[in-house]
Amino acid sequence: MIGYLVRRLAQAVLLLFGAVTIVFLVLRVIPGDPAALILGSQATAQELAAKRDEMGLSDPLLAQYARHLGEIVRLDFGDSWRLGGDAFAAVLDRLPATITLAGFALLFTLALGFPLGVYAARHKGKLADRAVSYFSLTGQALPAFWVGIMLVLIFSRTLNILPATADGSALALVLPAFTLALPFLGWLARLVRNGTLEELGRDYVRTARSKGLSERVVFNIHVLRNTLTPVITVLGLILGNFIADAVIIEQVFAWPGIGSLMIESIQNRDYAVAEAAIILIAVFYIGLNLVVDLLYFALDPRVTLETV
């Protein structure tokens with residue numbers, strides 16, 4: 001176990017190193033001069049040069065990169081020129097909003113996806129099964145930003161029953177959380193359907209039926225319990241995707257989370273905040289992947305560390 005954890009942590013460090021490198025290079029090759037944005041269009045060439053020197057942007061790219069790596073190790077992303085104060089602290093201030101949105105999206109996914117998958121499995125080959133399959137594929141195929149805009153037009157602008165943007169109420173979570181959950185809701189429904197059908201064909205189900213157990217007991221006690229194992233293990237991956245995909249959804253619904261902060265920072269060339277936000281999202285995704293692997297090993301004794 002210790003050797004496995006060490007190996008996975010080493011992989012995580014390499015992945016984070018790659019993420020830091022890519023983010024550093026991408027943010028510095030996209031057009032735009034932070035010094036010009038800070039000083040405005042009336043700044044002279046001398047003032048712009050002095051500001052670039054102050055921000056360290058006049059140094060060679062390799063020197064900037066080496067200095068940046070040292071700062072990342074100390075969790076020092078620098079100060080935000082746009083917001084003022086520590087960049088990492090500004091990102092952490094937005095973290096609860098993103099976690100809340102991802103949590104409600106996970107609730108939508110479980111509350112709708114699991115029952116739909118079970119219902120489709122119980123009606124294999126029938127109209128209900130086909131309807132769930134079509135719904136699942138449609139939800140995965142539709143662009144999230146388009147779905148969000150359509151939901152706003154229908155439920156906010158036309159019916160006027162749900163807020164279109166964050167207004168501090170619990171109802172403001174409904175539209176963005178459902179939009180975020182929709183692709184994974186359909187994916188979970190198909191996962192549960194296929195897993196349930198696979199369990200129904202196993203020998204232990206035939207044995208339980210031969211002992212005279214009712215179909216309800218066989219299905220609810222034995223089949224569903226074994227179907228839950230893969231579902232539980234993918235929840236971490238789904239949550240990680242929610243945090244990463246929230247970038248688009250937060251923009252559509254003006255949700256004050258990490259994603260909207262990151263987009264604003266990139267547009268304003270606020271390197272410190274943009275890098276802190278992207279790296280934090282990467283840490284969440286990598287960490288949740290590790291937790292999922294360990295959870296799968298704990299829930300299914302047939303799985304060994306070599307197969308995880």
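The values are calculated or read from the model by the stated rules, or taken from the named source; none is laboratory data. Please read all numbers here as calculations on a predicted model, not as lab measurements. In this analysis, Cβ positions are derived from the backbone assuming ideal geometry, glycine residues included, and neighbour counts consider all displayed protein chains.
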Inset, instruction - Within segment 228-264, track down each residue that is out of contact with any Leu (no Cβ under 9 Å at 6 or more places or on another chain) and under 16 Å from residue 295 (Cβ atoms). - result: none
Legend entry - Residue count for segment 168-182, restricted to those that are surrounded by fewer than 21 Cβ atoms within 10 Å (Cβ to Cβ), under 12 Å from residue 100 (Cα atoms) and touching a Leu at 6+ places or on another chain (Cβ under 7 Å): 1
Legend entry - Count - residues of segment 246-259 that are more than 14 Å from residue 99 (Cβ to Cβ) and either within 14 Å of the chain's Cα centre (by Cα) or crowded, with 18+ Cβ neighbours inside 10 Å (or both): 4
Legend entry - Residue count for segment 40-78, restricted to those that are within 30 Å of residue 176 (Cβ to Cβ) and in contact (Cβ under 8 Å) with a residue 24 or more places away in the chain: 1
Legend entry - Residue within segment 27-34 that is surrounded by 15 or more Cβ atoms within 10 Å (Cβ to Cβ), in contact (Cβ under 8 Å) with a residue 12 or more places away in the chain, of a type in the set (Gly, Ala, Ser) and over 30 Å from residue 139 (Cβ atoms) present: no
Inset, instruction - Looking only at segment 52-65, decide whether some residue is assigned to a helix (DSSP H, G or I), crowded, with 18+ Cβ neighbours inside 10 Å and of a type in the set (Ser, Thr, Tyr). - result: no
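Mind listing just one residue for me: the one in segment 183-208 that is surrounded by 14 or more Cβ atoms within 10 Å (Cβ to Cβ) and charged (D, E, K, R) and, of those, nearest to residue 133 (Cα to Cα)? I'd like the intermediate steps shown before the answer.
Applying the first criterion (surrounded by 14 or more Cβ atoms within 10 Å (Cβ to Cβ)) to segment 183-208 yields 183-200, 205, 208.
Going one step further and asking which of them are charged (D, E, K, R), we end up with 190, 193, 198-199.
Numbers: 190: 7, 193: 9, 198: 17, 199: 19 Å.
Only one residue tops the list, namely 190.
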Legend entry - Given (1) farther than 23 Å from residue 38 by Cβ; (2) at pLDDT below 90; (3) surrounded by 21 or more Cβ atoms within 10 Å (Cβ to Cβ), number of the condition residue 109 does not satisfy: (2)
Inset, instruction - Output yes when any residue across segment 167-177 is within 23 Å of residue 285 (Cα to Cα) and touching a Ser or Thr at 6+ places or on another chain (Cβ under 6 Å), and no when none is. - result: no
Legend entry - segment 77-91, residues that are within 24 Å of the chain's Cα centre (by Cα) and not in a helix (DSSP H, G or I): 77
Inset, instruction - Give the residues of segment 205-259 that are in contact with an Asp or Glu (Cβ under 6 Å, 6 or more places away or on another chain) and closer than 18 Å to residue 195 by Cα, sorted by residue number. - result: 223, 226, 227, 229
Legend entry - Residue tally, condition surrounded by 14 or more Cβ atoms within 10 Å (Cβ to Cβ) and on the phi > 0 side of the Ramachandran plot, over segment 66-84: 1
Inset, instruction - Go through segment 188-224 and count every residue that is within 17 Å of residue 115 (Cβ to Cβ) and out of contact with any helix residue (DSSP H, G or I) (no Cβ under 9 Å at 6 or more places or on another chain). - result: 2
Inset, instruction - Identify the residue in segment 145-173 that is touching a residue at least 40 places away in the same chain (Cβ under 8 Å) and among the β-branched types (Val, Ile, Thr) and, among all such residues, is nearest to residue 259 (Cα to Cα). - result: 165
Legend entry - Residues of segment 135-167 that turn out to be farther than 21 Å from residue 243 by Cβ, hydroxyl-bearing (Ser, Thr, Tyr) and surrounded by fewer than 23 Cβ atoms within 10 Å (Cβ to Cβ), as a count: 3
